[in-house]
């Protein structure tokens, strides 16, 4: 008994939920800063397909180069897991990238974000039904707060969704399901691999799929100007590699439900940036929405619930047994 208690204490000491929340919050802020860059590129003539192909292809190349130089062990995977990474990358990741950028090319960025952030509800529902996740009253309140807050922040009451481009709405809904699927499938992979290994192979197979569907490296034949390349590289590094990596590190410690709820901070961050950089003053309802989302995140952190089923803890237990 003393040995079991000692091992349990060691596991709890290894768990770092605070790091998980910090990583997801940072990811949300970076995603918020990159959405507008994508809209600028679309207005300059770049299509969503071109941008998505560049985004995942260049991200894959950069991550591969970094791993080859500094962390080659992160490139190692089991042959039997290739099928899993094909589903994560070629299906979930590729569809997520395509659907989100197609949505914001057809409708307002705020509407696309609102539709995409239906994902936390889908993730919570799946986790309860299939992963037997313990859903406390605090988690339910946090989920409702974040969904309602996101609705208010993006001005959902003024969007008149039924009058919008139906194709854009459809892509926005697809992005919600793709985001949920990508998050849940990614969490499963982190039971065996580092978050960075999972994100790299997701990017790799997404890029392979897109370069098969489209002209291989077709974006290289276009003559982009310096301004466009600055936006492209910002989206690749600050809007893709770093935030997607941080998001998976967050899931690694706090699991999908909490991470997806925390990620709804993205539209709040976008509103703050618009205020400080563009002088756009948020309305009272937007401020209320921001307070609701932040309250939801604070509630989750105050719960102090130790989750033995986080990917980090599962991998750690496997190491202890070995």
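The values are calculated or read from the model by the stated rules, or taken from the named source; none is laboratory data. Predicted model only: the values in this text are computed from it and were never measured. So basically every Cβ, Gly included, is an ideal-geometry build from the backbone, and we count neighbours across all protein chains shown.
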Next item on the list: Hey, can you tell me all the residues within region 65-88 that are within 13 Å of residue 199 (Cβ to Cβ) and within 20 Å of the chain's Cα centre (by Cα)?
Entry: 85, 88
Next item on the list: Starting from region 143-163, take each residue that is within 13 Å of residue 107 (Cα to Cα) and list its partners that are modelled with pLDDT of 85 or more and assigned to a helix (DSSP H, G or I), counting only C-beta distances under 7 angstrom and pairs at least six apart or across chains.
Entry: none
Item checked: Conditions (1) within 25 Å of residue 238 (Cβ to Cβ); (2) assigned to a helix (DSSP H, G or I); (3) free of Cβ contacts under 8 Å to residues at least 12 places away in the same chain; number of the one not met by residue 83 -> (1)
Item checked: Within region 35-80, tally of residues that are crowded, with 20+ Cβ neighbours inside 10 Å and either assigned to a loop (DSSP other than H, G, I, E, B) or in contact with a strand residue (DSSP E or B) (Cβ under 6 Å, 6 or more places away or on another chain) (or both) -> 1
Note to self: I'm trying to understand the selection: among the residues of region 111-132, which are farther than 19 Å from residue 195 by Cβ, surrounded by fewer than 20 Cβ atoms within 10 Å (Cβ to Cβ) and in contact (Cβ under 8 Å) with a residue 40 or more places away in the chain?
What the structure shows: 118, 122, 126
Item checked: All positions within region 105-134 that are more than 21 Å from residue 265 (Cα to Cα), in contact with a helix residue (DSSP H, G or I) (Cβ under 6 Å, 6 or more places away or on another chain) and outside any helix (DSSP H, G or I) -> 133
Next item on the list: Answer with yes or no whether residue 18 is crowded, with 21+ Cβ neighbours inside 10 Å, in a helix (DSSP H, G or I) and touching a residue at least 24 places away in the same chain (Cβ under 8 Å).
Entry: no
